[in-house]
Structures are given as C-alpha cells and as structure tokens.
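Following: one structure in structure tokens, then a few remarks.
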Amino acid sequence: MNLLFYSIRLYIFGLYCDFCVKICNSVAERQLSKKCSLTKKLLIFMSNLSDKNIRSWQKLEQRFIHLLVEKQSSL
C-alpha cells in the first residue's frame, strides 16, 4: 500500500514540478520578448523554486526506491 501511495505522490509532484518549470520558462520568455532583461530577483526566485523541487523530488524518489527494495527482499 505504501508503494501505491508513494507512486501517486511522485506522479502528482512530478506534474507540479513540470507546471512550475513551464511557468518559469514562460515568464522568462515573456521578459525576453519584451526586450527586458531578467531581474536578479526573478532569476533567484526561479533558481530557488527549481532547486527546492528537485531536492524534494529526490527525497521522494529515494524513499520509493527504498520501499521497492524492501518489498523485493521480502518476497
């Protein structure tokens, strides 16, 4: 049951991460199409957002892999 729970969390969090990346890309492209430079504040926000998401994703993924290994060893 835990595997199902973690796989659903990974899927939903993956969709969230993709959504955040698309928003960051569209904001950056809009700024560049207006011939405006990207501000330092915007770049830091985008970097922190992606870094936090990647770290959270890696923690979930490691826990999921750990559960898979436990299940395989118990069989």
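The values are calculated or read from the model by the stated rules, or taken from the named source; none is laboratory data. None of these values were measured; they are calculated from a predicted model. Please note: Cβ atoms are built from the backbone with ideal geometry, for glycine as well, and neighbour counts cover all protein chains shown. Just the protein is used for accessible areas: all its heavy atoms, side chains included, with ligands, DNA and RNA removed. Shrake-Rupley method; radii C 1.70, N 1.55, O 1.52, S 1.80 Å.
Does SER73 satisfy the criteria of being assigned to a helix (DSSP H, G or I), at pLDDT below 85 and over 25 Å from LEU3 (Cα atoms)? Against the criterion (assigned to a helix (DSSP H, G or I), at pLDDT below 85 and over 25 Å from LEU3 (Cα atoms)), SER73 does not qualify. Within this structure, LYS41 fails the test of being in contact (Cβ under 8 Å) with a residue 40 or more places away in the chain, open to solvent by 100 Å² or more (accessible area, probe 1.4 Å) and in a helix (DSSP H, G or I). When the range 13-38 is filtered for residues that are part of a helix (DSSP H, G or I) and over 10 Å from the mean Cα position of the chain (by Cα), the ones remaining, listed by number, are LYS22, ILE23, CYS24, ASN25, SER26, VAL27, ALA28, GLU29, ARG30, GLN31, LEU32, SER33. Of the candidates ASN2, ASN25, the single residue that is open to solvent by 60 Å² or more (accessible area, probe 1.4 Å), without any contact (Cβ under 8 Å) to a residue 24 or more places away in the chain and among the polar types (S, T, N, Q) is ASN25. Of the numbered criteria (1) touching a Gly at 6+ places or on another chain (Cβ under 8 Å); (2) open to solvent by less than 60 Å² (accessible area, probe 1.4 Å), the one SER56 fails is (1).
Conditions (1) among the aliphatic types (A, V, I, L, M); (2) at pLDDT 85 or above, marked per residue:
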| position | (1), (2) |
| --- | --- |
| ASN2 | no, no |
| ILE12 | yes, yes |
| CYS17 | no, no |
| VAL21 | yes, no |
| VAL27 | yes, yes |
| LYS34 | no, yes |
| LYS40 | no, yes |
| SER47 | no, no |
| ILE54 | yes, no |
